There are 2 protein chains.
Amino acid sequence: MCHRQNSKPCALQKGAQSLEFERNVFIKDSASIVGSKEGQGPLGSLFDMIGNDDMFGCQTWEEAESSLQKDAVYMALGKAKLKPSEMRYIFAGDLLGQSIATSYGILNYEIPFFGLYGACSTCGESLSLGSMAVCGGFADKVICVTSSHFASAEKEFRFPLEYGNQRPLSASWTVTGSGAFVLTGKRAENEKVRARITGITTGVIQDYGLKDSMNMGACMAPAACNVIYQNFMDFGRMPEDYDRIITGDLGSIGQTALLDLLRDKGFDISAQHMDCGIEIFDAEKQDTHAGGSGCGCAATVLSAFILKQIEEGIWKRVLFVPTGALLSKTSFNEGQTVPGIAHGVIIENVG
Amino acid sequence: MCHRQNSKPCALQKGAQSLEFERNVFIKDSASIVGSKEGQGPLGSLFDMIGNDDMFGCQTWEEAESSLQKDAVYMALGKAKLKPSEMRYIFAGDLLGQSIATSYGILNYEIPFFGLYGACSTCGESLSLGSMAVCGGFADKVICVTSSHFASAEKEFRFPLEYGNQRPLSASWTVTGSGAFVLTGKRAENEKVRARITGITTGVIQDYGLKDSMNMGACMAPAACNVIYQNFMDFGRMPEDYDRIITGDLGSIGQTALLDLLRDKGFDISAQHMDCGIEIFDAEKQDTHAGGSGCGCAATVLSAFILKQIEEGIWKRVLFVPTGALLSKTSFNEGQTVPGIAHGVIIENVG
């Protein structure tokens with residue numbers, strides 16, 4: 001029994017790591033919620049909701065992070081005028097061990113659930129798999145959500161805030177926030193959508209042997225380099241084919257490393273490169289050192305800022321590359337390296 | 001620009017939570033590796049490799065678990081006579097915080113990577129997403145791998161082994177093992193494949209308010225019930241349409257709860273039900289209490305035993321339902337409940 005083996009593919013496999021979608025995948029709508037510090041940053045006026053109190057009315061940091069995901073999904077669905085039951089799947093994750101912020105945050109929506117872990121790259125991973133689900137006709141609509149919280153992440157990866165430890169200048173500041181994205185395969189004539197996802201480049205884990213959990217940018221730069229370089233190869237594109245190439249949370253040190261690594265491979269992306277972690281805070285005034293980081297960093301900046309630029313046609317085509325550092329406190333304490341992963345998503349103006 | 005919107009779908013969306021694949025998804029080959037205790041159990045003779053020493057030549061339990069994934073992938077590829085570079089994607093996960101067993105286990109294969117977390121249901125989640133990738137034409141071949149390790153899991157979720165704590169009779173025994181599965185969309189005439197995946201039913205998180213991390217079976221039974229009941233609804237099937245309905249690691253207490261929950265919904269699956277956690281150990285002789293558990297439990301039993309039965313035509317159609325308990329030590333210590341998730345995969349004889 002061999003079904004429809006000859007029908008046209010939903011997507012073209014491009015090169016070693018990429019897909020070009022042959023059917024429409026739209027970002028129907030999205031929402032972002034952030035904490036007070038992010039609200040005071042340069043993008044503050046763009047977020048949909050800003051908490052006054054980073055506990056968000058909860059008893060623990062972890063519950064607060066769950067409430068971020070819950071609120072981001074709620075707002076994204078509200079803006080899209082859709083109900084949870086219209087979402088075929090939810091693709092979601094966070095940074096905490098066993099992704100607990102996600103489990104408790106989304107459980108009341110009762111949407112069939114795929115839990116993801118790609119550290120701070122999870123926003124890109126969720127959009128990649130969500131796009132595949134829509135493009136393949138496995139779902140009419142899906143929702144993708146990721147989050148992070150400064151206090152729960154410090155406790156998970158470094159030290160509880162109560163210890164009052166000093167942070168080196170290479171450290172990043174985990175963003176308190178969550179971004180949710182509704183993807184759909186169809187739109188009615190004149191129906192408003194925010195953007196279209198036209199392809200993805202899926203990362204390969206990169207391990208350059210770095211071990212410093214206080215310098216994640218350097219650990220993740222090789223992973224961003226892998227995805228960006230491979231995107232150019234797979235699609236036969238040059239840096240100028242993108243209005244922006246936007247990494248998730250490399251921060252200032254990771255940015256320098258990325259630009260150097262790509263120059264070694266013959267590409268100069270300094271005119272196109274932007275990093276969500278650098279944009280979300282004013283590092284000098286806000287004392288955030290290397291920049292923002294976390295699953296919530298790329299997700300909130302994408303929802304609030306990048307999609308706005310694409311929607312308004314200021315940028316026509318963006319390569320969005322959230323990056324993740326694959327470590328845990330156990331692997332760090334056992335002296336393991338910090339490998340990196342990145343997930344590239346091509347987002348275009350719908351016109 | 002609207003591409004090929006009228007071409008046939010790759011899959012049919014069935015009911016609220018299921019897909020029926022309209023293109024072929026074959027399990028080309030698979031492999032399993034287990035620890036010494038699993039090797040001494042009732043299925044011991046069926047596993048591809050049994051370790052003499054549960055450190056598997058490594059310095060830490062976490063590294064040992066990484067080596068399990070590495071070996072399972074290596075063996076599965078070897079049996080399938082395929083190279084890592086022929087795998088378009090790897091879908092992988094484990095139980096440890098930030099899925100570190102996976103990150104370090106698979107990094108040298110350099111395969112584009114989607115990291116998953118569904119607790120002990122991750123084997124089903126990886127096969128679900130892997131099947132979608134193959135069915136949608138996003139990949140010709142993918143590999144799915146999951147693992148668990150008794151010692152790393154006890155340390156992660158309960159107490160380090162060195163504490164010598166007592167375990168209640170409701171506790172399960174985390175399986176030390178890993179199973180890897182190569183999925184492919186095409187086969188040459190007379191090419192041997194192990195089985196075919198014809199559909200999936202994706203779980204919704206179920207939270208019945210239970211809080212006992214030493215009684216995971218009861219926490220996960222509602223999730224298994226959700227998937228099995230919904231599978232019957234979505235496909236219009238009855239228990240007897242399956243030769244076996246096989247949960248991952250409910251153990252003896254969870255099995256009783258599942259049978260009761262389904263009876264309340266009007267279905268008696270007692271003739272078809274089997275549980276990997278009950279099969280892998282002789283609970284009485286091996287002192288494993290409620291049964292085996294972990295990402296490695298369902299994966300190794302699927303590879304070594306279930307696929308063998310399907311391949312030989314003893315079972316024609318199986319509903320495979322790995323189950324996961326969504327907790328972390330942080331959520332447990334903060335008094336949270338233990339929600340469950342399950343992922344159903346329909347596996348059939350190729351004939």
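The values are calculated or read from the model by the stated rules, or taken from the named source; none is laboratory data. A quick note: this is a predicted structure, and the numbers were derived from the prediction, not measured. Here the Cβ positions follow ideal geometry from the backbone for every residue, glycine too, while neighbour counts run over all protein chains shown. For the accessible areas, the whole protein counts, side chains as well, though only heavy atoms, and no ligand, DNA or RNA atoms are used. Shrake-Rupley method; radii C 1.70, N 1.55, O 1.52, S 1.80 Å.
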Across the stretch A:213-238, what is the number of residues that are in a helix (DSSP H, G or I) and either within 21 Å of A:LEU12 (Cβ to Cβ) or more than 19 Å from the chain's Cα centre (by Cα) (or both)? 10
In the stretch B:305-324, how many are part of a helix (DSSP H, G or I) and open to solvent by less than 10 Å² (accessible area, probe 1.4 Å)? 3
Search the stretch A:137-155 for residues that are more than 19 Å from A:LYS37 (Cα to Cα) and pair each with any residue that is open to solvent by less than 10 Å² (accessible area, probe 1.4 Å) and of a type in the set (Phe, Trp, Tyr) when their beta-carbon atoms are under 6 Å apart and the residues are at least 6 apart or on different chains. A:ALA139/A:TYR89; A:VAL142/A:TYR89; A:CYS144/A:PHE91; A:CYS144/A:PHE181
Given the structure, is B:ALA171 among the aliphatic types (A, V, I, L, M), in a loop (DSSP other than H, G, I, E, B) and either closer than 19 Å to B:GLU125 by Cα or more than 14 Å from every other protein chain (Cβ to nearest Cβ) (or both)? yes
Quick check on the stretch B:335-349. Is at least one of its residues in contact with a strand residue (DSSP E or B) (Cβ under 6 Å, 6 or more places away or on another chain) and acidic (Asp, Glu)? yes
Report the residue count in the stretch B:261-289 for those that are part of a helix (DSSP H, G or I) and farther than 28 Å from B:GLN166 by Cβ. 4
Residue, nearest to A:ASP140 (Cα to Cα), within the stretch A:81-93, restricted to residues that are among the hydrophobic types (A, V, I, L, M, F, W, C) and touching a Ser or Thr at 6+ places or on another chain (Cβ under 8 Å): A:PHE91
Close pairs (7 angstrom Cβ cut-off, 6 or more residues apart or separate chains): under 25 Å from B:THR300 (Cβ atoms) in the stretch B:259-278, among the aromatic types (Phe, Trp, Tyr) anywhere: B:GLN272/B:TYR242
Looking for whichever is among the hydrophobic types (A, V, I, L, M, F, W, C), open to solvent by 60 Å² or more (accessible area, probe 1.4 Å) and on the phi < 0 side of the Ramachandran plot here; the options are A:LEU250, A:LEU210, A:LEU262. Which one fits? A:LEU210
Being among the small types (Gly, Ala, Ser), within 17 Å of B:VAL134 (Cα to Cα) and under 22 Å from the mean Cα position of the chain (by Cα) is the filter here; which residues of the stretch B:188-212 pass it? B:ALA195, B:GLY199
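Condition check ((1) within 9 Å of another protein chain (Cβ to nearest Cβ); (2) among the β-branched types (Val, Ile, Thr)) across all residues:
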| site | (1), (2) |
| --- | --- |
| B:PHE91 | no, no |
| B:LEU95 | yes, no |
| B:TYR104 | yes, no |
| B:PHE113 | yes, no |
| B:TYR117 | yes, no |
| B:SER128 | yes, no |
| B:VAL145 | no, yes |
| B:ARG158 | no, no |
Yes or no: the stretch A:77-99 includes at least one residue that is within 21 Å of the chain's Cα centre (by Cα) and among the polar types (S, T, N, Q). yes
For the structure I just gave you, tell me whether A:THR337 is free of Cβ contacts under 8 Å to residues at least 12 places away in the same chain, open to solvent by 10 Å² or more (accessible area, probe 1.4 Å) and closer than 18 Å to B:GLY115 by Cβ. no
Would you say A:CYS123 is away from chain B (no Cβ under 11 Å), within 21 Å of A:THR198 (Cβ to Cβ), assigned to a helix (DSSP H, G or I) and not aliphatic (A, V, I, L, M)? yes
Could we say that A:LEU327 is more than 14 Å from every other protein chain (Cβ to nearest Cβ) and either open to solvent by less than 30 Å² (accessible area, probe 1.4 Å) or among the basic types (Lys, Arg) (or both) here? no
Every listed condition ((1) in a loop (DSSP other than H, G, I, E, B); (2) of a type outside the set (Val, Ile, Thr); (3) more than 23 Å from A:MET233 (Cβ to Cβ)) holds for A:GLY179 save (1)
Given the condition open to solvent by less than 30 Å² (accessible area, probe 1.4 Å), at pLDDT 95 or above and part of a loop (DSSP other than H, G, I, E, B), answer yes or no: does some residue in the stretch B:126-134 qualify? no
Per the filter on the stretch B:213-229, residues touching a Gly at 6+ places or on another chain (Cβ under 9 Å), open to solvent by 10 Å² or more (accessible area, probe 1.4 Å) and among the hydrophobic types (A, V, I, L, M, F, W, C) are B:MET216, B:ALA218
